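Written below as structure tokens is the structure these notes are about.
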Amino acid sequence: MKPNAESTFSNGHRGTTTLVWFKRDLRIEDHAPLLRASQEGTCVCLYVYEPELLAAPDVSATHVAFINGCLAELGEQIEALGGQLVIRRGDIVDVLSDLNRTVGFRRIRSHQETGTEVTYRRDLRVKRWAEEHNIEWIETRQHGVFRGQKDRNGWAAKWNADMSCPQTPALSGLQTISGLASTGILSTAELGLGAPPQTEVQSPGSRAALRTLHEFLHQRGEPYQKAMSSPLEGATACSRLSPYLAYGALSMRQVYQSYQRRAHELRTRKKEGEQGLGTWSRSLSSFNKRLHWNGHFTQRLESDPSIEKRPLVRAFEGIRSEAPNLEHFEAWKEGRTGYPMVDACMRFLNATGWLNFRMRSMLVSFASYHLWLPWQMTGTYLARRFLDYEPGIHYNQLQMQSGVTGINAIRIYAPTKQALDQDPEGTFIRRWVPELENLPLRWLAEPHHIDMIDRHQSGFVPGESYPLPIVEHREAVRAARDRIFAVRRTDEAKAQAQDVLKRHGSRRKRRGRH
Ligand SMILES: Cc1cc2nc3c(=O)[nH]c(=O)nc-3n(C[C@H](O)[C@H](O)[C@H](O)COP(=O)(O)OP(=O)(O)OC[C@H]3O[C@@H](n4cnc5c(N)ncnc54)[C@H](O)[C@@H]3O)c2cc1C
């Protein structure tokens, strides 16, 4: 419905209505704010396209197209319950003011969001506005992240307890105000973002999310532990739940409890004597760890928002900022570095919006060490490319893979070794770097070393058919190590690392440690 429908609206619920503000929680199941609002009386369900957020450098048309798919389904589900999803475009405070003039609501309900500085400041403005208008804003915890938690003591137990709570019961109906003006879903072009550059991305929405979860836990997940690091097998062996969790098409509690039920079923079958379930059990145990990591990293950003922009160990601040090589940056973004595994991964990501953990780490390691580019710069590009962009995980991982946390080992990936280990048949590289399609397998990881005979037979010319390596591996890694360790060894960096460990380190006991 277009905004001019507003004039026909009449409201008998002034001052008694709850507004449910959907943000990164685009579902109706296990959605406490929606359930509470439905129990309180009349409610307005709202999603807002916020120009300030859409203009942020970490947001892309791919994200918004996915959000739109989720909104389409959410709108249908809310309608089936007898309600309406109101969609507006504009500054959130203007939208709230306008709706409040029309409806006169008593409170806002939403989920807490652990986002970027932009969303944090936006939330502060909403808070101020709500206070000025005597409107209560109740934010409910989502994904096991706790506000006001300054260190890690007791966090894991709280996460477990939160995730084990019963899910919010399903809604039986909604009493919403009908006839409110809504722009409906706006295309990425209408929002000024152009067409999404990535076309092979996952399907949006809660139904797709639940299907993906079920398929992983019951069909695809058995090889997860062994296959997750292969870019080829990982695409089907990994759960692929990340975009659904990032936009809240599924709650972490739904995922965790489904995992628990499946793990329990496997344990029972094992006890009853069934053989051959070991691979499933090990894979699900690895999966469970990663669900905790989601909360662990998001909690870090919640407790220390500076992680988005500043290194955890401040002594590393600015070490890569001096004159980053923009040509190298472009080559990395486009998959033209002359390192086939790096290029295949980047091109795969640029097409699909997803990449497994190991290959994300390798891309960042290559950018941060081999090319010595600032993680803030490469991280913004990746944020736009990752369909599952989740600030808490993203900025922590960028820092870890760039060696600036002070509490993680420095890990520099060798792209050639990764090609040999993770793509031994060369299938992935051939698929995503078609220039190398006809190259004999022995040259695929390092095509610039091709000998004269194969050069002649294949017609491959290093530097013409495919770029020469833009940096020399050994030399680049040696220089990067020297620079990182020169800072890491200082007393200042060591003291800061101790502080990081106290505030953010996992409290999980490791074998052999006290
Ligand atoms: C530089 C870098 C940036 C990253 N940025 C993001 C991001 O923006 N959003 C994001 O969801 N993940 C990010 N990750 C973590 C990880 O790569 C993805 O979660 C994973 O590849 C998503 O695929 P999946 O859902 O099939 O994961 P699975 O392996 O099936 O894991 C299940 C879920 O566990 C969580 N998870 C898995 N690995 C990690 C991890 N290392 N840290 C925290 N949580 C984890 C995710 O929620 C994931 O959906 C990043 C990793 C790196 C190295």
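The values are calculated or read from the model by the stated rules, or taken from the named source; none is laboratory data. For clarity, every value in this text was computed on a predicted model and none was experimentally measured. Note that we place each Cβ from the backbone using ideal geometry, even for glycine, and neighbour counts take in every protein chain shown. Note: areas computed on protein heavy atoms with side chains; ligands, DNA, RNA excluded. Shrake-Rupley method; radii C 1.70, N 1.55, O 1.52, S 1.80 Å.
Scanning the stretch 298-316 for residues that are farther than 9 Å from Thr114 by Cβ and under 15 Å from the mean Cα position of the chain (by Cα) yields a total of 2.
Note on the stretch 422-437: residues that are of a type outside the set (Gly, Ala, Ser) and open to solvent by less than 50 Å² (accessible area, probe 1.4 Å) total 7. For the stretch 205-226, the count of residues that are part of a loop (DSSP other than H, G, I, E, B) and either modelled with pLDDT under 95 or over 28 Å from Leu363 (Cα atoms) (or both) is nonzero. For the stretch 188-202, filtered to residues that are surrounded by 13 or more Cβ atoms within 10 Å (Cβ to Cβ) and modelled with pLDDT of 95 or more, the residue that is nearest to the ligand (Cβ to nearest atom) is Gln202.
Per-residue answers, yes or no, for (1) touching a helix residue (DSSP H, G or I) at 6+ places or on another chain (Cβ under 7 Å); (2) β-branched (Val, Ile, Thr); (3) closer than 29 Å to Arg320 by Cα:
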position: Asn408; (1), (2), (3): yes, no, yes
position: Ile412; (1), (2), (3): yes, yes, yes
position: Pro415; (1), (2), (3): yes, no, yes
position: Leu420; (1), (2), (3): no, no, no
position: Arg442; (1), (2), (3): no, no, no
position: Pro447; (1), (2), (3): yes, no, no
position: Met452; (1), (2), (3): no, no, no
position: His456; (1), (2), (3): no, no, no
position: Ile470; (1), (2), (3): yes, yes, yes
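Checking the condition in contact with a Ser or Thr (Cβ under 8 Å, 6 or more places away or on another chain), farther than 17 Å from Gly338 by Cβ and away from the ligand (no atom under 12 Å from the Cβ), which residue from Asn356, Asn438 passes? When all the criteria are applied, what remains is Asn438. Confirm whether Arg282 is under 30 Å from Leu217 (Cβ atoms), crowded, with 22+ Cβ neighbours inside 10 Å and touching a residue at least 40 places away in the same chain (Cβ under 8 Å). Answer is no for this residue.
Output the residue which, of all residues in the stretch 146-176 that are assigned to a loop (DSSP other than H, G, I, E, B) and among the charged types (D, E, K, R), is least open to solvent (accessible area, probe 1.4 Å). Within the stretch 146-176, the match that is least open to solvent (accessible area, probe 1.4 Å) is Arg152.
Scanning the stretch 237-255 for residues that are outside any loop (DSSP other than H, G, I, E, B) and either assigned by TED's automatic domain parsing to the domain that holds Val433 or more than 10 Å from the ligand (Cβ to nearest atom) (or both) turns up Arg253, Gln254. With respect to the conditions (1) in a helix (DSSP H, G or I); (2) within 30 Å of the chain's Cα centre (by Cα); (3) loosely packed, with under 14 Cβ neighbours inside 10 Å, Ala497 lacks only one, and its number is (3).
The single condition among (1) surrounded by 15 or more Cβ atoms within 10 Å (Cβ to Cβ); (2) outside the structural domain of Ser242 (by TED's automatic domain parsing); (3) within 17 Å of Ala383 (Cα to Cα); (4) not basic (Lys, Arg) that Ile319 does not meet is (3).
Table: residues versus (1) open to solvent by less than 50 Å² (accessible area, probe 1.4 Å); (2) more than 23 Å from Glu330 (Cβ to Cβ); (3) under 23 Å from the mean Cα position of the chain (by Cα).
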residue: Gly403; (1), (2), (3): yes, yes, yes
residue: Leu420; (1), (2), (3): no, yes, no
residue: His448; (1), (2), (3): no, no, no
residue: Met452; (1), (2), (3): no, yes, no
residue: Ser458; (1), (2), (3): yes, yes, no
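Which helices (runs of 4 or more DSSP H) sit wholly inside the stretch 323-416 and have at least 2 residues that are among the aliphatic types (A, V, I, L, M), touching a residue at least 24 places away in the same chain (Cβ under 8 Å) and on the phi < 0 side of the Ramachandran plot? Of the helices (runs of 4 or more DSSP H) lying wholly inside the stretch 323-416, those with at least 2 residues that are among the aliphatic types (A, V, I, L, M), touching a residue at least 24 places away in the same chain (Cβ under 8 Å) and on the phi < 0 side of the Ramachandran plot span 340-352, 357-365, 375-385, 391-401.
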